[in-house]
Every structure is written in structure tokens, then in C-alpha cells.
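Data block below; observations after.
The values are calculated or read from the model by the stated rules, or taken from the named source; none is laboratory data. Just so it is clear, the model here is predicted, and its values are computed rather than measured. Note that each Cβ is placed from the backbone with ideal geometry, even for glycine, and that neighbours are counted across all protein chains shown. In case anyone asks, the SASA skips ligands and DNA or RNA and just uses the protein heavy atoms, side chains included. Shrake-Rupley method; radii C 1.70, N 1.55, O 1.52, S 1.80 Å.
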Amino acid sequence: MSKLINKVAIVTGAAKGIGAAIAKHFAHEGAKVVVNYASSKEAADQVVKEITDHGGTAIAVQADVSNEAEVIRLFAETKAAFGTLDILVNNAVFQQFLPIEQASAEAFHQHFNVNVLGPVLTIGAALKLFGNKGGNIINISSGASKSPMAGVSLYSATKAALDALTISLSKELGVKNVRINSILPGATETEGAATAGVTAGSDYEKMFVANTPLGRRGKPEDIAKAAVFLASDDAAWITGEQISVSGGMYGF
């Protein structure tokens, strides 16, 4: 319960799903957590309440990560509350199941602005707060970056771009004592997945489970535990990696 004691972490898109699980697991391990959200204030406040009710420290901060001014405010509020930053988790995401003939310029920019520009902006802001002590960045990518499926070409492209950023920045930022890694979740039970149609008993779920050697969809907690590991000193010599947390689901 002390792997992240006295660390300060920002988790973007942390009102629900994987982000919420990561925020709660970080707090359980001793971190002070900034629960970022774009629009789900009530859900973000509930995550903060669950953390503080269990003796942890957390605040909720609204910011759209694709908006540079809002990102600047997110990090300014983090500095005002906690004085520093040690860990950034880029989890905020935009995803649609969208055949390519329906892929408008608007849909393209929605995907890339949140999933790629967002991390670029937050990483730039995080480096200023990390300072000389260094820091730790975890990008929540997707198995779709390595094994894209039909109907999610834009989403898959953004996650492949995010992994490329991870590799490149590991080489650029190592000299600053900044580690950066990607987690690639497999099919995971989240509110976003349900909204996209991957519900219990659906054809999508059956397909995912059939192609997962461990025989089930993931839970947000499965991803959160991997994030705790990467954020901790247990992973002190790991950077630039893409770590699949997928129950063994590859290349179907």
C-alpha cells in the first residue's frame, strides 16, 4: 500500500472505466491524485469521494486535453494543489466504430485531437512540473495499435501514433530521468465499450472472448494494476515499452 507514497499523479479521462480504476489504485498505493475529466463532473466527483472516503487524497479538475488553454489550467491547478508532479497517465480517449467511407474530417480531428494531440500537450506541460527530479509517463494505448480491426481505422491509427510517440520520447527524455511507456489493453469492460456496443452477450463480446486465451474480457482493475507497476520503482529500468495487458489476445 505504499508503492507510490507521496507521489503526485494526474490521470486524464479518470471519471470512468480504466482511468477511474487507475486513479483509485494509485491513491490506494499512497499517491495524491488529480482526477481529470472533460464533461462527467458527477462521475469524477464520485471517484474523488471513493478515494477520500478510504483515506486517500484526490481532487477533480475539468479540462479537455485537446484544448491547449485547458491543459495549461489543469497543470496550474495541480501545481496550486500539490506543488509538483511525478506521474502522468494519458488515458483520455475518443473512439468510434466508423467505416472508412463515413470518416469525415471532423471525425478524423476528433480522434487525433484527443488521442494524439492531447498527450502531446499534457506531456509538454508535465515536463515543466517534473523539473530536475524527473518523472513518469504512462500512455494508455490499445491492442488495436498492433492488431487493428475493421471499422476502427481512425482509432487504431491514433493508438499506433501514440505508441510511436512513446518510443521516440523514451529516447528523448531518458536524459531527463523521465520514463515513458504504453499499456495496450485488450477487450476491457468499460462504459465506453458498452456505449460502442460491446455489451455482455453481444456478438462483439463473444468474438473478443473467443480470441482471448484466458477466456474473459478484462476489467479496468487489470489495467490499473499494470499502471501501478509502471508508475512504481519496481519498473525503474523500464522505458519505451509497449506492454500488452490483454489476456493473451493477439493478432486475430
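Here are the numbers:
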quantity: Choice from HIS54, HIS109, HIS28 showing the highest fluctuation, given a GNM over the chain with Cα pairs closer than 10 Å; calculated: HIS54
quantity: Semi-axis lengths (Å, descending) of the ellipsoid that matches the C-alpha gyration tensor of the chain; calculated: 27, 20, 19
quantity: Cross-link pairs beyond the 25 Å C-alpha cut-off, checked among LYS32/LYS219; LYS3/LYS79; LYS32/LYS171; LYS24/LYS146; LYS41/LYS79; calculated: LYS32/LYS171; LYS24/LYS146
quantity: Heavy atoms of ILE72 accessible to a 1.4 Å probe, total area in Å² rounded to 10; calculated: 100 Å²
quantity: Largest-first ellipsoid semi-axes for segment 85-163, taking √(5λ) over the Cα gyration tensor eigenvalues, angstrom; calculated: 28, 13, 7
quantity: Sequence-distant residues sharing a close amide H with THR188 (under 5 Å, placed H); calculated: GLY218
quantity: Neighbourhood charge, 13 Å Cβ-Cβ cut-off, centred on SER40 and excluding it, Lys, Arg +1 and Asp, Glu -1; calculated: -2
quantity: Three semi-axes of the equivalent ellipsoid, segment 3-103, Cα gyration tensor, whole Å, largest first; calculated: 25, 15, 12
quantity: The chain, relative contact order [Cα under 8 Å, separation at least 6], %; calculated: 20 percent
quantity: Euclidean distance of C-alpha centroids, segment 41-80 and segment 108-146, integer Å; calculated: 17 Å
quantity: Rounded percent of accessible protein surface that carbon and sulfur make up, segment 22-118, 1.4 Å probe; calculated: 51 percent
quantity: Accessible area per residue, Å², the chain with all protein chains present, probe 1.4 Å; calculated: 46 Å²
quantity: Residue-wise HN-Hα coupling along segment 45-56, computed from phi with Karplus coefficients 6.51, -1.76, 1.60 (Hz; x: Gly, Pro); calculated: 4, 5, 4, 4, 4, 4, 5, 5, 4, 9, x, x
quantity: Computed over segment 54-192, Cα set: Rg, Dmax in Å; calculated: 15.9, 50
quantity: Percent accessible area from carbon and sulfur atoms, segment 119-204, protein chains only, probe 1.4 Å; calculated: 58 percent
